[in-house]
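A quick write-up on the structure given underneath.
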Amino acid sequence: MNCCNNPKVFELSNKKLCKEHFSEYFESKVFKTISQFNLIDKEENLGVALSGGKDSLTLLFILSKLAAKNPKIKLHAICIDEGIEGYRNKTIITAKEFCKKNDVPLDIYSYEKEFKMSLDKMLKTLDIKPCTMCGIFRRYLLNKKSKELNFTKLATGHNLDDEAQSIVMNQFKNNLMASARLGPISGIKKNRAFVPRIKPLYLCSEKEVATYAFINGILDDFTECPNVVKSYRAQVRDMLNNFENNNLGTKNAIVNSFLEILPELKEKYKFGEAGMCKECGEVASKDKCNACKLLDRLEKAKTNS
Ligand code: SF4
Ligand SMILES: [Zn+2]
Ligand SMILES: [Zn+2]
C-alpha cells in the first residue's frame, strides 16, 4: 500500500511513503512520544543538547515547531566542544548556523575552558577509552550548565538505535543499574541536583532520523567522530545492524521489551544516585563524582610526565 502517487522515499513494514507523508509520519511519531511519556509540559525552559549532528539538529528542528505553537515553551540550545580536531570544530559551525537561522539562543562550553584541556590532549595524557572519558565530562557539563541556565529539562537527540545499543551494552556488561537510568525520561529518582533528560526521538530509528534530516534539508553531510571506531558501542551497533538486516524489528523489540521492565528497574535502583560530590556538588553515587575523579587522575599524570 502506498500513501499517494508521489515518488517514495521510505518503506515501512506495511507501506511506502513519499517525502511529505514521511515527514508527517515522523513528526507525529515524535509528538506522540512526547505525549505518551509526558516529556514536555505546557510551560518549560527547555534546554536542547546540540552537537551539530543529524539527531540533535532534527530534534531542535521539531521542537522549534512545537515551541512556535506553544509560546510558553522556551528553547535554548547548548553545545559541548570536547576538542576533537577535524570533527567537533566542523559540527559546531553547523550548530551555530542552524541556531541563527532558527532563532534559538546557543551557548557553547569547551573542555579546554572548563577543564583546561581538550579531549584530544586528555587522551594523550591518560590511557582511557575515548568515549568513556568524553562521556563522563560531557554528562557532567551538560548537567552543570543546565542548572546554571535554569533549564526545567534537557532534551537530547537519542534515537531508538542508541537506546537499543545502550540496553544491550549494559546487559553485556552486567550493569542493570545503568539501564535503570535509561528510558525516554532519564534518572532513577527525583534529585534537585539533576536536570531531567528527555529523549523525544526515542521511538524513531536512526534511518528514519537520517531520512527526515535529509529530506527537510537539515543536514546532508553525516560526519562521524574519529574515536567512534574504538568504542564498545560501535561493536554493539554493528552487531545490531547486522541482526536487524536479517531479522526486521529486532531493535524495536529490544526497546519495547525494555520499556516493559523499566518501572521495576527504576524501583529496584532508586537509591543508586542520591549522592552529591563533595568537591563540586554534582550528582555522584559515592562522595566524589566521576568527573572529579578523572580530573585528579589527569592532574597526577600531567605532573608525573
Ligand atoms: S564517539 Fe566517543 S569520543 Fe566521539 S564524541 Fe562520541 S563519545 Fe565522544
Ligand atoms: Zn504521499
Ligand atoms: Zn565532582
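If you keep only loop residues by DSSP, which chymotrypsin sites (Phe, Trp or Tyr not before Pro) in segment 211-252 have at most 16 other Cβ atoms within 10 Å of their Cβ? If you can, show how the numbers build up before the last one.
Details: sites: TYR212, PHE214, PHE222, TYR232, PHE243; in loops: PHE222.
The qualifying sites are PHE222.
Would you give the gap between the C-alpha center of segment 190-217 and the C-alpha center of segment 130-179, rounded to a whole Å? Their Cα centres are 12 Å away from one another. Once both labels are positioned 7 Å from their Cα atoms along Cα-to-Cβ, the gap between LYS113 and ASN246 label points is 4.9 nm. Bridgeable lysines around LYS293 (alpha carbons under 20 Å apart, same-chain partners fewer than 8 residues away excluded): LYS113, LYS116, LYS121, LYS124, LYS129, LYS144, LYS145, LYS278, LYS302. Taking every DSSP beta bridge with both residues inside the chain, roughly what % is antiparallel (nearest 5)? Percentage antiparallel, nearest 5: 25.
Once the Cα gyration tensor of segment 20-272 is diagonalised, what are the square roots of 5 times its eigenvalues, in whole Å and ordered largest first, as equivalent ellipsoid semi-axes? Display every interim value, and only then the final one.
Values: eigenvalues 114, 112, 85 Å².
The equivalent ellipsoid of segment 20-272 has semi-axes of 24, 24, 21 Å.
Size of segment 163-305 from its Cα atoms: along the principal axes, largest to smallest, the extents are 47, 43, 31 Å. Restricting segment 195-248 to GluC sites (Glu not before Pro) that sit in a DSSP loop and have at most 15 other Cβ atoms within 10 Å of their own Cβ leaves GLU224. Summing charges over neighbours of ASN45, with a neighbour being any other residue whose Cβ is under 10 Å away from its Cβ, gives +1 when K and R count +1 and D and E count -1. Were the residues from LYS90 through LYS8 laid out at 0.36 nm apart, the gain over their Cα-Cα distance would be 26.3 nm.
Loop-located trypsin sites (Lys or Arg not before Pro) across segment 53-84 with a Cβ neighbour count of 11 or fewer within 10 Å are LYS72, with loop assigned by DSSP. Segment ASN150..LYS101, full-extension length gain: 15.2 nm, with 0.36 nm per residue of separation and the alpha-carbon distance subtracted. The Cβ shell under 12 Å around LEU149 holds other residues with a net charge of +3, Lys and Arg each +1, Asp and Glu each -1. Here the dipole of the chain is about 700 debye; that uses its Cα centre as origin and unit charges on the Cβ of Lys and Arg (positive) and Asp and Glu (negative).
Please order ASP81, ASP220 by the number of other Cβ within 10 Å, starting at the fewest.
Details: ASP81 22, ASP220 10.
In increasing order of surrounding Cβ atoms, one gets ASP220, ASP81.
Of all lysines in the structure, those lying under 17 Å Cα to Cα from LYS72, and not within fewer than 8 positions of it along the same chain, are LYS42, LYS153.
Pop the C-beta distance of LYS230 and ASN175 into the FRET formula with R0 = 22 Å and round what comes out to the nearest 0.05.
Numbers: r = 20 Å, r/R0 = 0.90.
Here the calculated transfer efficiency is 0.65.
FRET efficiency for the pair LEU262 and SER285, taken as 1/(1 + (r/R0)^6) with r the Cβ-Cβ distance and R0 = 25 Å, rounds to 0.80.
Counting each DSSP H run of 4 or more residues in the chain as -39500 (n - 2.57), what helix-only mean residue ellipticity at 222 nm follows after dividing by all residues, to the nearest 500 deg cm²/dmol? Could you put the intermediate results ahead of the total?
On the way: 12 runs with 157 residues, N = 305.
Taken over the chain, the calculation gives -16500 deg cm²/dmol.
None of the figures in this text is laboratory data; all of them are computed from the coordinates on show. From a predicted model like this one, the values you see are computed outputs, not experimental measurements. Every residue, glycine as well, gets a Cβ built from its backbone with ideal geometry; the counts of neighbours run over all protein chains shown.
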